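One structure is given here, and the rest of the page talks about it.
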Amino acid sequence: MATDLVLPAPTALGMVPAHEASLARQLRSSWNLQLQTRWNRTPQGHCLEILTLTPGLSAEAYRGALEALAQAEAARAPQTQIARGLAMLTAVCMRPSDFDDAKIILWSDRMRDVCSEYPADVALGAINQWPKTESGKFWPTENEFRELLNFVGHFRRMLRFELEQHLHSALPRADAAPKPNDGLSDDPDGSVLVFVSRWNGTDPVRCKIYLDGARFGEDLIVVESMLSEMVIEKAAREHSDRPIVVLRQGHAR
């Protein structure tokens with residue numbers, strides 16, 4: 001039965017996925033951000049779903065929460081920590097009968113590579129979770145472990161989506177502040193315009209959020225935050241045929 005609760009109140013921290021507890025505390029203490037959640041049953045067990053976030057906060061608060069989330073997603077676990085976690089799996093789970101020493105080495109190397117693709121807390125959370133899953137009696141295949149990694153990261157993806165929607169609603173409708181005389185333009189042109197048009201055609205909400213307040217030059221976009229820089233760089237790699245330089249204000253060339 002679904003139960004609503006407010007997170008991360010101290011008595012409810014146990015209802016936050018263990019690997020997200022630190023992030024939840026940071027969002028509460030830094031940005032007064034609370035999440036209303038509930039448990040839902042899924043094929044892989046119970047999943048914590050986000051219903052609402054604290055409404056009415058400033059765009060700065062939502063953007064700050066997204067920055068904290070981006071920093072957590074960029075963090076990678078040390079290889080020694082991943083290796084210890086995988087060694088734990090080999091100790092508590094059964095090895096496939098056809099695995100000789102050579103296959104064990106290949107399996108370990110590949111699983112370390114897979115874990116390095118995911119945020120540190122997601123990778124380590126999945127390692128800790130695997131023995132508790134239905135198939136956890138045995139060593140995981142790459143496909144099985146990726147499914148678990150994506151499941152463990154589901155809560156964070158929902159949180160990012162909700163934060164982006166709230167930020168979009170909190171952005172001012174018009175910016176009347178004077179623009180600096182920096183030789184840049186308020187409007188994209190040339191290859192930057194092609195990129196922005198393509199990105200807007202596939203993801204208009206995210207395009208608006210992260211280009212808010214941006215300034216444009218030839219093959220150049222200057223933004224206000226590290227998060228915008230990271231998101232736009234990724235989008236440019238996916239939607240632009242020509243290299244687009246993305247810089248933060250104060251770092252412009």
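Residue count for the range 56-86 under the criterion of being assigned to a helix (DSSP H, G or I) and free of Cβ contacts under 8 Å to residues at least 24 places away in the same chain: the result is 4.
Only a single criterion out of (1) touching a Phe, Trp or Tyr at 6+ places or on another chain (Cβ under 7 Å); (2) of a type in the set (Ser, Thr, Tyr); (3) at pLDDT below 85 is not satisfied by residue 225, namely (1).
Okay, residues lined up against (1) over 30 Å from residue 36 (Cβ atoms); (2) assigned by TED's automatic domain parsing to the domain that holds residue 84; (3) in contact with a Leu (Cβ under 9 Å, 6 or more places away or on another chain):
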| site | (1), (2), (3) |
| --- | --- |
| 98 | yes, yes, no |
| 101 | yes, yes, no |
| 104 | yes, yes, no |
| 108 | yes, yes, yes |
| 125 | no, yes, yes |
| 128 | no, yes, no |
| 133 | no, yes, yes |
| 140 | yes, yes, yes |
| 144 | yes, yes, no |
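Please indicate, with yes or no, whether at least one residue in the range 170-180 is at pLDDT below 90, loosely packed, with under 12 Cβ neighbours inside 10 Å and under 26 Å from the mean Cα position of the chain (by Cα). Looking through the range 170-180, at least one residue is at pLDDT below 90, loosely packed, with under 12 Cβ neighbours inside 10 Å and under 26 Å from the mean Cα position of the chain (by Cα). Only one of the listed residues (83, 68) is closer than 18 Å to residue 159 by Cα, touching a helix residue (DSSP H, G or I) at 6+ places or on another chain (Cβ under 8 Å) and among the hydrophobic types (A, V, I, L, M, F, W, C). That residue is 68. The residues of the range 200-225 that are of a type outside the set (A, V, I, L, M) and assigned to a strand (DSSP E or B), listed by number, are 215, 216, 217. Counting only residues that are free of Cβ contacts under 8 Å to residues at least 12 places away in the same chain and either farther than 18 Å from residue 133 by Cα or not in a helix (DSSP H, G or I) (or both), the range 144-167 holds 2 of them. Counting only residues that are farther than 15 Å from residue 183 by Cα, surrounded by 16 or more Cβ atoms within 10 Å (Cβ to Cβ) and among the basic types (Lys, Arg), the range 196-225 holds 2 of them. Residue by residue through the range 114-137, note down the ones that are of a type in the set (S, T, N, Q) and either closer than 11 Å to residue 93 by Cβ or assigned to a helix (DSSP H, G or I) (or both). Those that are of a type in the set (S, T, N, Q) and either closer than 11 Å to residue 93 by Cβ or assigned to a helix (DSSP H, G or I) (or both): 128, 129, 133, 135.
The residues of the range 117-135 that are surrounded by fewer than 22 Cβ atoms within 10 Å (Cβ to Cβ), closer than 12 Å to residue 146 by Cα and in contact with a helix residue (DSSP H, G or I) (Cβ under 7 Å, 6 or more places away or on another chain) amount to a single one, 118.
The values are calculated or read from the model by the stated rules, or taken from the named source; none is laboratory data. On a predicted model such as this, the values are computed, not experimentally measured, just so you know. Heads up, the Cβs are rebuilt from the backbone with ideal geometry, glycines too, and the neighbour counts pull from every protein chain shown.
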